Structures are given as structure tokens and as C-alpha cells.
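One structure is given here, and the rest of the page talks about it.
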Amino acid sequence: MSKIMKITLPGMPPLEREMIALRIANMLEDGAYVNLGIGIPTLVSNWIEGRDIIIQSEIGMLKCGPLAEEGEIDQDRINASCQFVRDMPGTSYFNVETSFAMIRGGCMDVAVLGALQVSARGDLAGWNTPARGLGKRGNIGGSMDLAVGAKKVIVAMEHFTTNGEPKILTECSYPLTAKACVDVIVTNYALIEVTAKGLVLREAIPGVSAEEVQKMTAAPLIVAEDFHEMEL
Amino acid sequence: MDKVYSSVEAAIEDVFDGAIIAFGGFFSAGRPAALTLALSKRGVKNLTVVVQQVGTGNEEMLELVVNGQIKRAVCNYPFPRSASKGARHPFEQAVRKGEIGLEIYPIGTFVEKLRCAGAGIPAFYTAAGAGTVVAEGKEVRVFNGIEYLLELALPVDFAFVHAWKGDHEGNLVYRFTAQNYNNAMAMAAKVTIAEVETLVETGGLNPNFIHTPGIFVKRVVETGKPELSGFSLGGI
């Protein structure tokens, strides 16, 4: 495969992080229990207000509410990203052993996670950037439990690193979070499903062709029969 | 039965060099700030600390780092999220220099190791970490076609926990997300020391709503509420 590089396209600019989150919010079904990781995944919560979707925070909170406003700050009420939040009618609090029983026990319908790399098989690397120079040490947090425990894993990430390196690869080169765990990848250019046959390109943002997404992706893509423009 | 101590200093008087100590708290919420500061003043060394992260949200732990009291840390999210903050962070620097040894587990594994220690279960299998560096050196077993790792229970000598309310017999109630690891750590320890924001008379807590029953708690000391961590205002 020729060198993969970030290219400038004449059409629409790549999606903002908030729009990646919106595309994912539109994928969630009413009645779902969902855990949102740090970064772009957290932004999904901005798009589900009023919907029947319950957010779990692995610190030990179900039906986690929106971010707290000035004056509502309470250091005993934070989400797993250490942001002050509100509770809502029906919220519950519990300990971390119960929280991870929910996660490993198969109660989480969806986990939306950030990623540094995703492989063609759906391997996820998201906890350790080798450039930081900490070797095998890093912040694992709840990512490994979520990756193996959630019924569906959606990755929310940009298509390239800040240095323009591709993040979707035949094999991950960074330390893994879990093997073959990713179901769907949503980036600022495309929506790609991980299947037994390989990566299936289902949607691209307006003005970007399937060929152009392939040029930007360091793993082979199968173009879906119903490949279409991403709607937001 | 009365487990109340008059001061944090008295409550930790027998903490010894080389002890394994678990600290409750998820970033800033539910951290035993007063007990941690008392430990830094006591100056015992070669400690193994079992705690989500060292010095991010629980800045009191940095005193132990700077004093050179920590030999080893068992964590799940040890470092600041940002690499540039990490480059200035005493704990990360001590780990990079090899002054503090570090073991890392996924959160679910970390807390289950503690819970199992308290529940008389020596080891358990979990799928978290299979096929990753976490699996190195561990027994792998396949159940129903899925790989699981054998993880060992993690008993500790002392647990420092923080509760909203406690009574004289050690029954504890936590507030909102400040529960986090405090219950599992209280179960895992030979000696659990609870700092409570408000001490109530025995009988003063609703018995339907006790989070940690007093049998898991040896000592109780009233400390009030810890100050808001400056870190927590920004999130990670």
C-alpha cells in the first residue's frame, strides 16, 4: 500500500469533534444503557438530552446528568472524567465493584471509547502512547473492562493523529486495550463497521468519496453496497 | 463497642515501615485527605500504596512522594492524563527514575482484587486485559471460547477510607460518587481506619442505608470535609 497521508479535500471540511459525537448519538437506541469514555465520547451526552438513554459513569453513577453549572459544584458528585455533574430523577449511586459488575456482566449496551489506533480486526489501542516514554506503564482506567464487557463498542476518534499519521491500520503498533472488540468506528471523515470479512465503509462525509477514504486509511476497506453520504 | 479515636495521629499510630496501605478516592471524590496528611507527618517509609492515582485530585499523596515514603504503587490510572502535566508531576518523575515501582490493573480488576481479598476468595478470572500487556506472566484460561486471566486477590495491611457519616461502631455511609473504592478497600484490610465528615451516636444512622457495615472498620475519626481539590475544577 502506498504511503497514507492526510489530504486536503475540496468538499466539506472534516467533521468537528461535536459532529462525530452527534453521528454516534444518532446511532444509539432509546432504552440503551451507555458508558462514555474520555474525550470525544463525552460529547455524545450533549446530543441525547430528552432521550430515553441512561449514561453510566464507572465511578459509580447511573443516569448521570449534565455538567453542573457554577453554584452547583459538589466535589462528591463527579463523573469518571472528574467533571462536576448533576443527578436526575432516577439517578443511583453505587460503589466501583458494583459499577464494574455492570460493565463486565454484560449490562452495558454500548461503550463509546476514544482510540489511538484501531486495526482491521477491530483491535483497539487506546491507553498508551509510546511517544510518552513510559513503556508498559500508562493509564488503563476502565477501558479494558469496557472493551471486553460492553455489548457494542463504538470508537469515536479523528481519522489521523495530530502528526497526520493514520489511526486505522492493518495491525495496531501501540499496546492494545483489547483484541477484536470494536464494532463501529466513527471518524471526522467516515463511518466504518468492523465485520468478520474486514472493515466495511458505510458512510463518508459530504464531498468525500469512498476512494478518498480508502486513500486516507491504512487498512483495506470494503465499500458497502449501500455506501452513502453521512447525514447529521 | 466504641471505635472512635480522638485524632488522625492516634488512629494511624501503628502504621509501620513497609506496610501495604489502600487509599479510597476516585480523583478528588472520597479521598482520605486528613489521614494521608497525617501519614506524611508520621514519616514511615517503604510503603506500598494501593490507590487509583497518585497526586491527581488527591494532591495530599504528593507529600508521601516528595518525602520518599513510597516504595511501590498499585494503581489503575496512575499518571496525569496530559503528558506535559506528567513531565512536571513528582509521582510520574519518581516512577520514571525507578524510585517508585508501579503495578497497573484495569479498574474492574483492581477493585475486584480488593473485594476478593475481603471476601475470602484468593483469585478470580476476568477477560479484562487478555491479549494485552496486562496478561504477561498470568495464567490464561478459556471459558466458552473467551480468554480470561487469573488475577490474585490483593489483601492490604491498612485501608484509609473517607465517609460522609459514621457511627461509634464503624458503620459508614458515603455521599454520591464519593463511595467509589472505599467499601472494597475497607473489606480488604486487616485494619481499616475511617475518617468521617460527621460522627454520629450509635443508632444515629438509618440501618437500612449503611454502605459499609462496622465489622469491616476498626477505627473511626471525625475529620470534617476535605477542601475542594484545585485539580478537580478543571476535570482531567
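The values are calculated or read from the model by the stated rules, or taken from the named source; none is laboratory data. These numbers were taken from a predicted model, which means no experiment stands behind them. So basically every Cβ, Gly included, is an ideal-geometry build from the backbone, and we count neighbours across all protein chains shown.
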Residue, farthest from the chain's Cα centre (by Cα), within the range A:85-107, restricted to residues that are within 7 Å of chain B (Cβ to nearest Cβ) and assigned to a helix (DSSP H, G or I): A:Glu97
Top-ranked residue in the range A:72-84 [being more than 7 Å from every other protein chain (Cβ to nearest Cβ) and of a type outside the set (D, E, K, R); ranked as surrounded by the most Cβ atoms within 10 Å (Cβ to Cβ)]: A:Ala80
In the range A:135-157, residue surrounded by the fewest Cβ atoms within 10 Å (Cβ to Cβ) [restricted to those that are over 19 Å from A:Glu58 (Cα atoms) and touching a Leu at 6+ places or on another chain (Cβ under 9 Å)]: A:Arg137
Hits in the range A:178-189 (condition: more than 13 Å from the chain's Cα centre (by Cα) and either among the polar types (S, T, N, Q) or not in a loop (DSSP other than H, G, I, E, B) (or both)): A:Ala178
Selection from the range A:129-164 of residues that are of a type in the set (Asp, Glu), touching a strand residue (DSSP E or B) at 6+ places or on another chain (Cβ under 9 Å) and within 19 Å of A:Leu191 (Cα to Cα): none
Filter result (under 13 Å from the mean Cα position of the chain (by Cα) and over 14 Å from B:Pro226 (Cα atoms)) within the range B:161-190: B:Gln179, B:Asn180, B:Tyr181, B:Asn182, B:Asn183, B:Ala184, B:Met185, B:Ala186, B:Met187, B:Ala188, B:Ala189
Candidates A:Ala80, A:Ala111 - the one that is under 21 Å from B:Thr177 (Cβ atoms), in a strand (DSSP E or B) and within 20 Å of the chain's Cα centre (by Cα): A:Ala111
Options B:Thr126, B:Thr132; residue that is modelled with pLDDT of 95 or more, buried (at least 17 other Cβ atoms within 10 Å of the Cβ), under 23 Å from the mean Cα position of the chain (by Cα) and at the interface with chain A (Cβ under 10 Å from one of its Cβ atoms): B:Thr126
